[in-house]
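Below: the structure, in structure tokens.
The values are calculated or read from the model by the stated rules, or taken from the named source; none is laboratory data. This is a predicted model, so every value here is computed, not measured. Cβ coordinates were reconstructed from backbone atoms using ideal geometry, including for glycine residues, and neighbour counts include every protein chain displayed. Keep in mind that these areas ignore ligands, DNA and RNA; they rest on the heavy atoms of the full protein, side chains included. Shrake-Rupley method; radii C 1.70, N 1.55, O 1.52, S 1.80 Å.
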Amino acid sequence: MSRIERRALLGATAALGAMPLGRARAQANTIRIGVMNDQSGPYRDIGGPNGVIMAQIAAQEFGNGRGFNVEVVSADHQNRPDVGANIARQWFDQGVDMILDVPTSSVGLAVNTVAREKNKAYINVGAATADLTGPQCSPNTAHWVYDTYMLAKSTGGAMVRAGGDSWFFITADYAFGHALERDTSNFVRANGGRVVGSVRYPFPATSDFSSFLVQAQASRAKVIGLANAGADTINSIKQAAEFGLTRRGTKLAALLMFIADVHALGLESAQGLVMTESFYWDLDDRTRAFSRRVQPRLNNRAMPNMVTAGNYSATLHYLKAVADMGIAAAKASGAETISRMKRIPVEDEAFGRGTLREDGRMMIPSYLFEVKSPAESRGPWDYLKLLQTTPADQAWRPLNEGNCPLIRS
């Protein structure tokens, strides 16, 4: 396995033009997977280096005895769409066959466009926007593990049913935050609630959320919806506690939260928050066995979350499709490879069984959790208790409501 840093990418294209014949043949027999994510910014602990490691584990377990080799490379997109698009073009021109992960929806949408232009495969895991299986859906793209519609329906719907019928949103000002606020607002209103206000903050340049929390408090909303993720969610929750907002009866809705965020906050600060995941290490015997097997290889011995586990699952399913159709065909067309993935049942140790829908949506259940109190936790990483399971056929936006151009009316 190797890692390609961005500086190396900038000078690599010219060198490929004079590639020796033997190396060219080796490249023709090698599937190259590029894991692109945030390795130094606010989303580092969601995927980052551990997301790369999980793709490597899947590639190693799939094995090189299938008639072709597998190489995993990685890069930091710095949460910038222009950087992500440039890396994607360079990677595809240098022989990368599939790009994986790509948190930050604005970057994911940019990579989605490049993958279609180059007819390469893109499996989104980290970016949340449901537009990737809606208006921006592509025959070259699949969307794994979660999206803004699923989060809004599960967490947002649960908060409204519990009496949170007035909302104020604190929203990251880019595609992900906009989509999450939009989708949650739709569920709030559909369930008889109302949105009393919102504020959008610069991403990723914000760490002080005090003024936004003051605006939310002044609105007298029962629920403050945090349409953000990673370090921004952690900082928002910490600063809300410092202001005593929850002691006054205001509820916080962490619309996208990961077990790594709970770990960073600590149970004393995070207890009682509700969150939605499609994977939890302690969900059942299968997820426990899988997580304990991979945990020793992860940085800081973290437990996998739905993004890092999704990188494992997506890599494995992609390689199964490559083996099924043949490496030459897979390298020739990303669209045909994604199509083959849709025809093969998805099954792995992380998520069990699932299907890849016509619009590229991975169909698996979603789970609503509540963060445990310190007294309820039995030990390290025992943070969540299951409140509700939403079956796969109900968790995601109906196929006929997404406006995906691939779907015939």
Notebook entry, point to check: Which condition does residue 344 not pass, out of (1) touching a helix residue (DSSP H, G or I) at 6+ places or on another chain (Cβ under 9 Å); (2) under 19 Å from residue 278 (Cβ atoms); (3) surrounded by fewer than 22 Cβ atoms within 10 Å (Cβ to Cβ), if it passes all the others?
Noted result: (2)
Next item on the list: For the range 241-265, enumerate the residues that are surrounded by 23 or more Cβ atoms within 10 Å (Cβ to Cβ), in a helix (DSSP H, G or I) and of a type in the set (Gly, Ala, Ser).
Entry: 260
Notebook entry, point to check: What pairs can you find where one residue is in the range 62-83 and over 16 Å from residue 97 (Cα atoms), the other is at pLDDT 95 or above and in a strand (DSSP E or B), and their Cβ atoms are less than 6 Å apart, with a gap of 6+ or different chains?
Noted result: 77/36
Check: Which residue, of 156, 163, is assigned to a loop (DSSP other than H, G, I, E, B) and touching a residue at least 24 places away in the same chain (Cβ under 8 Å)?
Finding: 163
Check: Hey, does the range 300-311 have a residue that's free of Cβ contacts under 8 Å to residues at least 24 places away in the same chain, more than 30 Å from residue 383 (Cβ to Cβ), part of a helix (DSSP H, G or I) and not aromatic (Phe, Trp, Tyr)?
Finding: no
Item checked: Hey, residue 230 open to solvent by less than 10 Å² (accessible area, probe 1.4 Å), under 20 Å from the mean Cα position of the chain (by Cα) and at pLDDT below 95 or not -> yes
Margin query: Considering only residues that are of a type in the set (Gly, Ala, Ser), surrounded by fewer than 18 Cβ atoms within 10 Å (Cβ to Cβ) and under 25 Å from residue 228 (Cα atoms), which ones fall in the range 39-84?
Written below: 40
Item checked: Positions within the range 312-327 being without any contact (Cβ under 8 Å) to a residue 60 or more places away in the chain and open to solvent by 10 Å² or more (accessible area, probe 1.4 Å), in sequence order -> 324, 325, 326
Next item on the list: Within the range 377-404, count every residue that is open to solvent by 20 Å² or more (accessible area, probe 1.4 Å), touching a residue at least 24 places away in the same chain (Cβ under 8 Å) and not in a strand (DSSP E or B).
Entry: 9
Notebook entry, point to check: Taking residue 214, is it surrounded by 16 or more Cβ atoms within 10 Å (Cβ to Cβ), among the aliphatic types (A, V, I, L, M) and touching a helix residue (DSSP H, G or I) at 6+ places or on another chain (Cβ under 8 Å)?
Noted result: no
Next item on the list: Filter the range 202-211 for residues that are surrounded by fewer than 19 Cβ atoms within 10 Å (Cβ to Cβ) and either in contact with a Ser or Thr (Cβ under 7 Å, 6 or more places away or on another chain) or part of a helix (DSSP H, G or I) (or both) and give the result.
Entry: 210, 211
Check: Quick one: residue 61 ticks every box in (1) of a type outside the set (A, V, I, L, M, F, W, C); (2) more than 25 Å from residue 319 (Cβ to Cβ); (3) part of a helix (DSSP H, G or I) bar one, so which box is it?
Finding: (2)
Margin query: With the requirement that a residue be surrounded by fewer than 22 Cβ atoms within 10 Å (Cβ to Cβ), part of a loop (DSSP other than H, G, I, E, B) and at pLDDT below 95, what does the range 267-286 give you?
Written below: 271, 272
Next item on the list: Among what's in the range 106-127 and is surrounded by fewer than 24 Cβ atoms within 10 Å (Cβ to Cβ) and in contact with a strand residue (DSSP E or B) (Cβ under 9 Å, 6 or more places away or on another chain), pick the residue that is farthest from residue 359 (Cα to Cα).
Entry: 114
